[in-house]
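See structure below.
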Amino acid sequence: MTQVAWDTLVRRLLHAMMTNDTFYVVMSGNSAAEGAGNNFFQSYMMQFHHIMEPVFDKLGMKLITRNNANGGVGSTIPALGGSSFYGESDILINDAEWFDNDPGPHDLFNRQAILSGERVPVMLTHHAEHILAWSNNMAPIGGFQWGWDFVPETTGEGQAMEVPYAARYMRCNIDANNLNLCGLEKFNSTCWVDRRDVKPPVAQGGFIRGRTKSHPGWRYHRLHSRKLAMMVLHALDTALEIWTVGVQANGAPLHESYWHMGEHYKLIRADLIELDAQADEKSASGLATPCEQFFSKFPIVCRVAMHGYGEWTPRVTPDDNSIHGICKHATNGYYPGQTDIPLYTGPDILPLNWKIPQGDIDVHAIAIASTSPRPPLDHSWNPDDHMNPDDYDDDEIDDDTTDDDDFDDDDIDDDTTDDELYNRRRMGGMRAERNFIQEQLAEHRESVLVDEVDRIRGFREQLGLTGGTFQPLHSPGDRPIVPMRGSNHEDTNRLLKEEEISPGLGWYLHNAETGFCDGSAQSECSRKNTSNCLMSGQNDARGGIIGDGLSGWLIMELKNIRSGVVLARVEDYTHADADPQTEGWTEVNNKNGQRKLFVPENDFFLDIAINGNIRTLNYTQLQEERHEVVHNMEIWPLLLDESKWNEQPSLSNEGETLEVGMRIRSSKGRDATISLTHLYCA
């Protein structure tokens, strides 16, 4: 870790302790990092949280940890959306080693980490050389070592019992490998623990899928979490030393020069922006950085803070950052929203065979142990409550209050087993973070029910049982034409006055996961009533809004557009006839006897509408403009307004609100199917 990174981490921890702030640790990675083959709780990010959340709570901070990995892809897909998908982060880990190995995508990841959020995180990555050079070595960069040399060998079945539990069956010698001891003990996942309040309607499987040689087991994830925890603990130790020395030198409270972050973040960003400007003057092409060279069709994404919307999970605030959440409703109320409701909510019960054996060290038990009463700190936020810390009444503090106030000693009787106490204490220890996120959970559950009501109302109106109206965002008489950068098809910019641009009825939210899937320890994901592994907890899902030649317009309202950039990640390999919404249809929007489907000569047209101005691309033109960025990431530019790229975006400028629409036209109808998974904007 660079000295700048270490100083940034220590200063940020001091800031969080001084202000009782939230501290975010976020990871982007591949299937190995996300914990494929294991329960979500067994992944190293969740194991880190399991140990460190009580420590942060004792110091007056809230720890939010997110495992935002997606299997089979690298980090570029979410990174192009900036902090919209990751959220704020104080430590941001890029653990996607198998993909996106070109310097350009890694440069994008690091740049968006610096530019797109309120905070500048400490970045733990193996690809830091370019961002260090382009930030005058001011980017806070660090990394991990494997640490295998410290793991004792397992040589045989009997000897394994002498190895500490935390390191057992991790590193086998030749003899132990011949017996496959480490392989047999690699995974310990489960799909369900019987409970009285939930009865799965589908028979549950025995373990989580993904048990492959390339995916590490739970022991390795636990080891990796301990390395991350040790780094943060050392930083906390340094922060407390600085606090002590600072108070001794300048008195209490600690002087702001030790812990204020605003100017620190500005200096890091300023060096990056200044060196980019100097490079522009020296480069004939203007594409000097690895990021710009890689994203040569739209290099602006390397210079400005991007944001986005998507249907893949995990993503922070999954309802607010979804595409279906910004879709305009059809006249009958229909839009492609979520309809599935989780089978149950609340925390899962941990399997008893995950409990640390008697006599071995239980680090979590040490972390939650306390002989002090709970401090008078309320983790919930009430905007109407601005109580001064001096106003607290010590008489209101109950001397008998413990860190686990959900755990009542009076409930313990002679029949209470150690296993029951273990799970009850775990659920009590999760209370603080649940209070912080429960408002988002409540909003999510309410939105799912509202979606269901809207869909029912929409189908009733479709049957003529009631009416409805639609007010477009822009009046037909005032629709500005927005040019497309570098377009060789200027005649495709047109304003179709002869047809109404209104939301279609044939788009459908496909393959989206149910529940609250933000990648955090409080996520409640993968709980469909059709699931055969309800306790997997995995947040990785590949949702998309699918449509075809019969779906009509998909119209979205995008806010805060400053730099004239709207990019779409599209999957054009979606199976034909995959859209259940258009099943049985023969006309667009199922309007029998109305507008007939126009059959163009080359049989595929993409209509793009920006504030009512329609631009049409045929198949050949689309091939010229689409861009396969990295593996499994095809970008269709919907708007590239180069006239705004030289403007310096101002944070005080909220930007424009655009009405963006897209439509597929083809004589193949349901066979011409695509899936829209992400929108990237600036």
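The values are calculated or read from the model by the stated rules, or taken from the named source; none is laboratory data. From a predicted model like this one, the values you see are computed outputs, not experimental measurements. Here the Cβ positions follow ideal geometry from the backbone for every residue, glycine too, while neighbour counts run over all protein chains shown.
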When you go through (1) out of contact with any Lys or Arg (no Cβ under 8 Å at 6 or more places or on another chain); (2) crowded, with 23+ Cβ neighbours inside 10 Å one by one for ILE77, which number turns out not to apply?
(1)
In segment 499-544, residue farthest from MET633 (Cα to Cα) [restricted to those that are hydrophobic (A, V, I, L, M, F, W, C) and touching a Leu at 6+ places or on another chain (Cβ under 6 Å)]
PHE516
Could you grab me the full set of residues in segment 475-511 that are assigned to a strand (DSSP E or B) and either at pLDDT below 90 or of a type in the set (D, E, K, R) (or both)?
ASN493, ARG494
Near pairs, Cβ below 6 angstrom, 6+ apart or cross-chain, from segment 326-342 (over 26 Å from ASN529 (Cα atoms)) to any residue that is of a type in the set (Gly, Ala, Ser)
THR331/GLY468; ASN332/GLY458; ASN332/GLY468; GLY333/GLY458; GLY333/GLY468
Looking at (1) in contact with an Asp or Glu (Cβ under 9 Å, 6 or more places away or on another chain); (2) of a type in the set (Asp, Glu); (3) modelled with pLDDT of 85 or more, find the lone condition where ASP362 falls short.
(1)
Residue pairs meeting the criteria (Cβ under 9 Å; at least 6 apart or on separate chains; first part of a strand (DSSP E or B), in segment 166-195; second among the basic types (Lys, Arg)):
none
Qualifying residue in segment 281-296 (condition: free of Cβ contacts under 8 Å to residues at least 24 places away in the same chain, in a helix (DSSP H, G or I), exposed (fewer than 14 other Cβ atoms within 10 Å of the Cβ) and among the aliphatic types (A, V, I, L, M))
no
Criterion (crowded, with 24+ Cβ neighbours inside 10 Å, charged (D, E, K, R), in the same structural domain as LEU254 (by the TED database) and under 29 Å from ASN137 (Cα atoms)) met by exactly one of ASP7, ASP21, ASP100:
ASP100
Considering segment 323-356, residues that are modelled with pLDDT of 95 or more, in contact with a Phe, Trp or Tyr (Cβ under 6 Å, 6 or more places away or on another chain) and in a loop (DSSP other than H, G, I, E, B), and then whichever is surrounded by the fewest Cβ atoms within 10 Å (Cβ to Cβ), we arrive at HIS329
Matching residues in segment 26-44 - criterion: being surrounded by 24 or more Cβ atoms within 10 Å (Cβ to Cβ), within 22 Å of LEU80 (Cβ to Cβ) and out of contact with any Lys or Arg (no Cβ under 6 Å at 6 or more places or on another chain):
MET27, SER28, GLY29, ALA33, GLU34
Cβ contacts < 9 Å: first residue farther than 19 Å from PRO216 by Cα, restricted to segment 23-36; second residue outside any strand (DSSP E or B) and charged (D, E, K, R), any location; separation 6+ or different chain. Result?
PHE23/ARG12; PHE23/ASP90; TYR24/GLU88; TYR24/ASP90; TYR24/ARG119; VAL25/ASP90; VAL26/GLU88; VAL26/ASP90
Quick one: count up the residues across segment 116-134 that are in contact with a Leu (Cβ under 9 Å, 6 or more places away or on another chain) and surrounded by fewer than 19 Cβ atoms within 10 Å (Cβ to Cβ).
1
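Taking into account only those residues within segment 160-191 that are of a type in the set (S, T, N, Q) and closer than 20 Å to ILE356 by Cβ, which is surrounded by the most Cβ atoms within 10 Å (Cβ to Cβ)? Let's see the steps before the verdict.
Taking segment 160-191 and keeping what is of a type in the set (S, T, N, Q), we get 173, 177-178, 180, 188-190.
From what's left, closer than 20 Å to ILE356 by Cβ: 188-190.
On the way: ASN188: 16, SER189: 27, THR190: 21.
The residue in question is SER189.
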For segment 512-542, enumerate the residues that are modelled with pLDDT under 95 and on the phi > 0 side of the Ramachandran plot.
GLY515, SER526
For segment 62-72, enumerate the residues that are surrounded by 24 or more Cβ atoms within 10 Å (Cβ to Cβ) and either closer than 23 Å to LEU14 by Cβ or of a type in the set (A, V, I, L, M, F, W, C) (or both).
LEU63, ILE64, THR65, ARG66, ALA69
Check whether at least one residue in segment 209-218 is modelled with pLDDT of 95 or more, in a helix (DSSP H, G or I) and either in the same structural domain as MET535 (by the TED database) or closer than 30 Å to GLY183 by Cα (or both), and report yes or no.
yes
